[in-house]
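Report on one structure; see the data block that follows.
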Amino acid sequence: MNIIEKQTALGKSLYEINTSTMKEYMSLQRSNIENYIEVNREFGSRLPEVKSVTSAVELQREYSEMVWNQVKAAMGAQNELLKGAFNETREALKTAYTFEADVTEVAVKPKAKAKPKAKAKKTAEAA
């Protein structure tokens, strides 16, 4: 696979990862809002039952605990979603930027042997 094909595949993969992650994120947010509205509706219907300060404090404690548990669950789900998107993105980048060794190696030409240096001529003095 050449570099252009890899970059095209990377772009497509990143688009798909981003699209699916955003769809899932929006679905989680919609679910969180629906749960929040339901909890408020439930505790709002219990307000007329409050007759004393202690019952009001108890109802507020239950409400706060319920909302806190839902926030923790929502954050955990979002964290898992983002971890998954990060891992998918990392794999797509690894695939795009990992280059395979060229199977067709270029034949190595043998190096030319160095020519032996010419022997110095004997001069009249040396003879």
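May I ask for the net charge around GLY84, where only other residues with Cβ less than 15 Å from the Cβ of GLY84 are counted and Lys, Arg are +1 while Asp, Glu are -1?
-2
Excluding LYS94 itself, calculate the net charge of residues whose Cβ lies under 12 Å from the Cβ of LYS94, where each Lys or Arg counts +1 and each Asp or Glu counts -1. The partial results should precede the final answer.
Details: positive: LYS6, ARG90; negative: GLU88, GLU91.
My count for the surroundings of LYS94 gives 0.
Based on the mean of other beta carbon atoms within 10 Å per residue, what is the order of 41-52, 68-79, most packed first? Please report the intermediate quantities before stating the final value.
Details: 41-52: 10.2, 68-79: 12.3.
Packing proxy ranking, top to bottom: 68-79, 41-52.
Report the local net charge at ALA74: Lys and Arg +1, Asp and Glu -1, summed over other residues whose C-beta lies under 12 Å from its C-beta.
Charge balance near ALA74 sits at 0.
Give me the count of lysine pairs in the range 2-88 whose alpha carbons sit under 21 angstrom apart, restricted to pairs 8 or more positions apart or on different chains.
Lysine pair count for the range 2-88: 5.
Which residues in the range 1-21 place their backbone N less than 15 Å from a point set 7 Å from the Cα of PHE99 along the Cα-to-Cβ direction?
1-7
Read-outs throughout are calculated quantities, based only on the coordinates presented, and are distinct from any laboratory measurement. These figures come from a predicted structure and were not determined experimentally. Using ideal geometry, Cβ is built from the backbone for each residue, glycine included, and neighbour counts are taken over all protein chains shown.
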